[in-house]
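The values are calculated or read from the model by the stated rules, or taken from the named source; none is laboratory data. Remember, it's a predicted structure, so these values are computed and weren't measured experimentally. Every residue, glycine among them, receives a Cβ derived from its backbone with ideal geometry; neighbour counts consider all protein chains shown. These accessible areas exclude ligands, DNA and RNA; they are computed on the full protein's heavy atoms, side chains included. Shrake-Rupley method; radii C 1.70, N 1.55, O 1.52, S 1.80 Å.
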Amino acid sequence: MLSQHPDRIDLSVLNQFEEFAEFRKPSTSGLPSEEGEQVDTDSATAEERIDVGYRELRGALVADLLDRVREQSWEFFERLVLEVLKAMGYGGPEGAVERLGGQGGDEGVDGVIREDPLGLELIYIQAKSWANTVGRPEIQQFIGALQGKQASKGIFITTSKFSDEALAYARSVAVRVILIDGRRLAELMIDHNVGVNTRETYELKEVDLSYFLPEEGVNAS
């Protein structure tokens, strides 16, 4: 059939193939909405379709980033964690984000954020590149290290996940500890442009209704 159109292949040609026509049919299963419900593809607006497509691309990027981070060394991971926190604004213009160095960190911590020049406000960091789920014992050890430094704030970041017991324990102690798992870390990398590049930018515009309002004192008719 294609031999009849050697110089031009367009939709009119491709639609003659049953496989292509089937490919172009909208999915009957619907699209997932932001709340997890299904959006009917027949009634979905163009904006809804764009939103779904964006979230699918972001989800794929999160997975790709996390895979690549997990392939790196523990030294790379420690530097990455500090770079993400610095990109988020921790340390401020006059503070500092410092890696303490050494394979076990410094007495149970891998880095510190000095939020002011005098170091009166300190946030200690534990960066654990793990494949296994981080459990309550690891959080207890980190909190013990914070107490040893008389610190009240800490951030524990891992490439894996936290167990329910670890999450519950972190919420129950007086020391303020933020737990960031691998997926959340990848999302922060995207949001703060660490390890990613912007490939395309699209502007979604709408009519400025105020532009078309009649001027005061002018007869609209």
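Numerical summary
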{"quantity": "Contacts under 9 angstrom Cβ, first residue in segment 70-85 being over 13 Å from R99 (Cβ atoms), partner exposed (fewer than 15 other Cβ atoms within 10 Å of the Cβ), 6 or more apart", "calculated": "R70/A131"}
{"quantity": "Boolean, D164 is closer than 21 Å to V134 by Cα, without any contact (Cβ under 8 Å) to a residue 24 or more places away in the chain and of a type in the set (D, E)", "calculated": "yes"}
{"quantity": "The lone exception for G92 - which of (1) open to solvent by less than 80 Å² (accessible area, probe 1.4 Å); (2) free of Cβ contacts under 8 Å to residues at least 12 places away in the same chain it fails", "calculated": "(2)"}
{"quantity": "The lone exception for F77 - which of (1) at pLDDT 90 or above; (2) over 30 Å from I123 (Cα atoms); (3) aromatic (F, W, Y) it fails", "calculated": "(2)"}
{"quantity": "Scope segment 104-147; condition open to solvent by 70 Å² or more (accessible area, probe 1.4 Å) and of a type in the set (G, A, S); matching residues", "calculated": "A131"}
